[in-house]
Amino acid sequence: MEKLNKELSSLLADCDNIDIAEVLSEIKMKKKLSEIQKQYKDKIKIRGDDCRLYVRIKDKQFFGNTAEEVFEKIYQHQYGLTTYSIYELFPLYLDYREQYTAVKSLTLKKYVNDFDKYFKPYKEILDKPFTLLGVKDYIRFFNRWTAKLDMTAKTFNNLKSIINGMYSFTITELDFDITNKVRDIDMRQFQVKPVKHVDKAFTFEEREMILKYLSDKSDAYSLALAFNFYCGMRIGELLALRHSDVTDGKISINGQLIKDVDIKTNKVNYVTSDIIKGYTEQGYRSLPLKQDAIDILKKAKRNNPFGEYIFMQDGKQLNPDTYNSRLRRLCKKLGLKPRSSHSVRFTYASLLYLNGVSSLNISRLLGHTSVTMTNRYINNIMPHEELDELVKQAL
């Protein structure tokens with residue numbers, strides 16, 4: 001031991017930037033590996049079919065081409081990442097997503113917030129090794145989340161996606177020899193809060209009232225607000241439109257303005273990306289334009305003839321937060337229920353449906369990956385009097 005201390009002191013003296021904690025960790029690892037070697041060196045066997053070496057410990061076998069590989073796998077099983085809890089693996093998962101996947105910083109921020117709110121309170125899940133979590137553990141966990149019936153299906157699915165993502169990460173990137181236990185659970189047993197889409201869309205009258213008010217306005221925000229009632233785009237798609245996206249009475253969606261949040265400083269910045277929401281090919285689409293929409297684009301071009309983007313103010317792209325604020329203020333001014341920009345998509349989908357466009361085609365126009373999602377956007381925007389009359393006629 002004295003000799004080891006002298007060698008370590010000499011090593012530290014020669015290296016100004018050495019991490020002492022890292023050196024001590026390495027020494028502990030070597031010591032544990034030595035103990036494993038002594039314990040299992042006489043238990044190594046050779047497989048008959050491929051001549052690989054292996055050691056059986058209880059009901060698990062550890063394989064390798066050399067004895068050192070076998071000992072390393074035993075070490076990893078007993079002391080390595082496979083002993084980490086979901087709490088310890090979560091930062092590694094976040095780092096992987098940030099460094100190697102096309103995830104937005106806002107999504108990572110939401111992951112962190114959701115983990116703090118929904119995972120951290122339950123120590124029985126956090127403290128148990130991730131590899132040992134089973135179906136019963138997750139059922140108890142999910143029941144805790146949904147017991148009060150105040151969790152929406154969207155939130156529940158988002159939380160499950162974190163767990164599924166961690167399974168994918170540990171299996172493919174860390175080579176964990178496990179299966180995703182969540183996929184073995186019947187999710188119908190958990191009751192979530194239903195989402196009501198009533199009144200998310202503007203009615204016929206409300207839409208016409210807004211468009212009439214905006215008809216004589218020429219500022220960029222008013223033009224963008226009016227234009228989207230004819231296109232039903234996501235707000236990020238709308239504000240990323242370029243003049244070059246308009247051809248032959250159609251407009252193509254080739255990107256979006258996304259919210260970029262620094263996880264450490266919480267600083268918010270908006271950047272244009274050529275990746276559509278959901279990273280699916282359905283998002284890249286072309287929409288037919290009514291003459292009213294084309295006239296709005298001509299106004300925007302006159303106001304901003306040399307700008308890169310269609311809707312700009314003072315040489316800058318419009319801000320999504322300001323856009324939504326302007327829409328809410330407009331609703332209040334006209335005596336309407338305040339709604340967000342996404343309500344315009346509900347209105348667009350509902351109006352098309354009531355005029356005979358199929359759900360499948362509406363899905364394509366909205367850039368959805370499934371008709372099921374599109375059906376959630378279709379609201380009854382017909383005036384109650386007209387609906388009542390139709391019901392009477394039908395019966």
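See the values below:
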quantity: Unmet requirement for Leu149, which otherwise passes all of (1) closer than 30 Å to Thr101 by Cα; (2) part of a loop (DSSP other than H, G, I, E, B); (3) in contact (Cβ under 8 Å) with a residue 40 or more places away in the chain; calculated: (1)
quantity: Test: residue in region 229-237 that is of a type in the set (Gly, Ala, Ser), in the same structural domain as Lys299 (by TED's automatic domain parsing), in contact with a Ser or Thr (Cβ under 8 Å, 6 or more places away or on another chain) and touching a residue at least 40 places away in the same chain (Cβ under 8 Å); calculated: yes
quantity: Single residue of Gly335, Gly307 found to be assigned by TED's automatic domain parsing to the domain that holds Leu211 and farther than 14 Å from Leu223 by Cβ; calculated: Gly335
quantity: Qualifying residue in region 282-289 (condition: touching a residue at least 12 places away in the same chain (Cβ under 8 Å) and under 25 Å from Leu330 (Cα atoms)); calculated: yes
quantity: Criterion violated by Lys104 - all others in (1) under 13 Å from Ile162 (Cβ atoms); (2) of a type outside the set (A, V, I, L, M); (3) within 19 Å of the chain's Cα centre (by Cα) satisfied; calculated: (1)
quantity: Residue among Leu257, Leu287, Leu225 that is assigned to a strand (DSSP E or B) and more than 30 Å from Asp114 (Cα to Cα); calculated: Leu287
quantity: Flag for Pro320 being within 21 Å of Asp219 (Cβ to Cβ), touching a helix residue (DSSP H, G or I) at 6+ places or on another chain (Cβ under 8 Å) and at pLDDT below 95; calculated: yes
quantity: Boolean, Asn228 is within 17 Å of Thr322 (Cα to Cα) and modelled with pLDDT of 95 or more; calculated: yes
quantity: Unmet criterion (only one of (1) surrounded by 18 or more Cβ atoms within 10 Å (Cβ to Cβ); (2) modelled with pLDDT of 90 or more; (3) within 20 Å of Asp137 (Cβ to Cβ)) for Asn180; calculated: (1)
quantity: Test: residue in region 326-338 that is modelled with pLDDT under 95 and touching a Cys at 6+ places or on another chain (Cβ under 9 Å); calculated: yes
quantity: Residue within region 203-216 that is out of contact with any strand residue (DSSP E or B) (no Cβ under 8 Å at 6 or more places or on another chain), buried (at least 17 other Cβ atoms within 10 Å of the Cβ), assigned to a loop (DSSP other than H, G, I, E, B) and touching a residue at least 12 places away in the same chain (Cβ under 8 Å) present; calculated: yes
quantity: Check on Gly232, loosely packed, with under 14 Cβ neighbours inside 10 Å and at positive phi; calculated: no
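Residue-by-condition table, conditions (1) under 27 Å from the mean Cα position of the chain (by Cα); (2) surrounded by 17 or more Cβ atoms within 10 Å (Cβ to Cβ):
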| position | (1), (2) |
| --- | --- |
| Asn266 | yes, no |
| Glu281 | yes, no |
| Asp295 | no, no |
| Lys301 | no, no |
| Tyr309 | yes, yes |
| Asp314 | no, no |
| Tyr323 | yes, yes |
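Table: residues versus (1) of a type in the set (Lys, Arg); (2) out of contact with any helix residue (DSSP H, G or I) (no Cβ under 9 Å at 6 or more places or on another chain); (3) touching a residue at least 24 places away in the same chain (Cβ under 8 Å).
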{"position": "Ile294", "(1), (2), (3)": "no, yes, yes"}
{"position": "Lys301", "(1), (2), (3)": "yes, no, yes"}
{"position": "Phe306", "(1), (2), (3)": "no, yes, no"}
{"position": "Arg329", "(1), (2), (3)": "yes, yes, no"}
{"position": "Lys337", "(1), (2), (3)": "yes, no, yes"}
{"position": "Leu351", "(1), (2), (3)": "no, no, yes"}
{"position": "Ser359", "(1), (2), (3)": "no, no, no"}
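The values are calculated or read from the model by the stated rules, or taken from the named source; none is laboratory data. As the structure is a computational prediction, the values presented were derived from the model and not from experiment. All Cβ positions, glycine included, derive from the backbone under ideal geometry; neighbour counts span all protein chains shown.
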